[in-house]
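Read the structure below first, then the notes.
The values are calculated or read from the model by the stated rules, or taken from the named source; none is laboratory data. Since the model is a prediction, treat every value here as computed from it, not as a measurement. With ideal geometry, Cβ positions are generated from the backbone for all residues, glycine too; neighbour counts draw on all protein chains shown.
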Amino acid sequence: MELLIILLLVFMIIAALNALEGKDLLSSVVSLSAVGFGLSVAFLVMGAPDIAIVQVVVEILTLIILIRATIRHDLTTVAEGTEFFGLLVGVVLLFVVFLFGLEAVKALPPFGAPIMDAVASAPSRYYLEHGLKETGAANIVTSVILDYRAYDTLGEATVLFTAILGALAILRGRPLKKKKKG
Amino acid sequence: MDKSEKPVGMTLIVQTVTRWLKGPIILYGIYIVFTGHLSPGGGFAGGVIIACAFVLITLAFGAKFALGRVGKLLASELDSLGALMFVTIALLGYVGGSFFRNFIQMANPAPPFRIFSAGTILLSNVAIGLKVGASLFMIFIILAVIRVVEDKDGKMKMIQKKQGGDN
């Protein structure tokens, strides 16, 4: 099973590199979507069907929107030589992040081991034991996100609402100021 | 069809398949929303599936047809209605003592593994599904299909994006 996950990760990295290096916008969008589908299969393999469903569905919608929004604006990238200073800063930053990441990976528990289950009174253990009795929901994920941790879902709904407000405000045809003057 | 008139939407094959498939897709989305507390899925996934069905209709038949069915304003109202419903459920939790309390399940616990169980979780799923479906369809409309401009009276007006791609 771990071999499958590693293969999926390699596929996702290759697709992401292809998305970065793609010559035209459309192939980049399709490669980016391949990353998302690989991620959803990885979620399914690791036993998280809730997240896998959401990932697949959102990926489809995002792919449609991105293709529809980019297919008429075909921007071809211009290959030009990178500056030396920018390259240096990039390499140094990458190295520093790599060092910190190495430290963080050392502190992680082994793959698949539960993180939040260290003590007997851990909340995850409480949810698993009392979730069905207290909320009546057979799906423990739903009972967590809509009952125990419903504040988080409220915040997510607020974020979505604000995002649409922002999209409507930005993508209007012409700014409001211009109209008042004229 | 008249030569001078531009064909709207996609070909006849796509339109026919869409006509057959739109019902089952929407039904599947509703099923995912309503059984979110029993099986994987829930409000978010079901809402996105319903939005995908409307996106399919929009792509196949053109924006005018789809906006006649679910105009942008109706989608906006459904979006707000879902948010309002969710906050109302949260505030009704004060009946049981605190914010987001599952007051229905507390008052009379229903046996699990049924559609009408789990108290407010089912209602919250419906609210989230409404909100996510309407808002994602609106994002698609805003980003890909139409532009909102103001006409001379200061009213918001929707026009379709030009096909040429010069905007």
Scanning segment A:24-48 for residues that are of a type outside the set (A, V, I, L, M, F, W, C) and surrounded by fewer than 16 Cβ atoms within 10 Å (Cβ to Cβ) gives A:ASP24, A:SER27, A:GLY47
For segment A:16-60, the count of residues that are within 14 Å of another protein chain (Cβ to nearest Cβ), under 20 Å from A:ILE6 (Cβ atoms), assigned to a helix (DSSP H, G or I) and not aromatic (Phe, Trp, Tyr) equals 6
Tell me, yes or no, whether segment A:131-139 has at least one residue that is under 26 Å from B:VAL33 (Cβ atoms), among the hydroxyl-bearing types (Ser, Thr, Tyr) and modelled with pLDDT under 85.
yes
If B:LEU92 meets every condition in (1) surrounded by 12 or more Cβ atoms within 10 Å (Cβ to Cβ); (2) at the interface with another protein chain (Cβ under 9 Å from one of its Cβ atoms); (3) at pLDDT 60 or above apart from one, which number is that one?
(2)
Filter segment B:86-119 for residues that are touching a residue at least 24 places away in the same chain (Cβ under 8 Å) and in contact with a Lys or Arg (Cβ under 8 Å, 6 or more places away or on another chain); which is farthest from A:VAL159 (Cα to Cα)?
B:GLY93
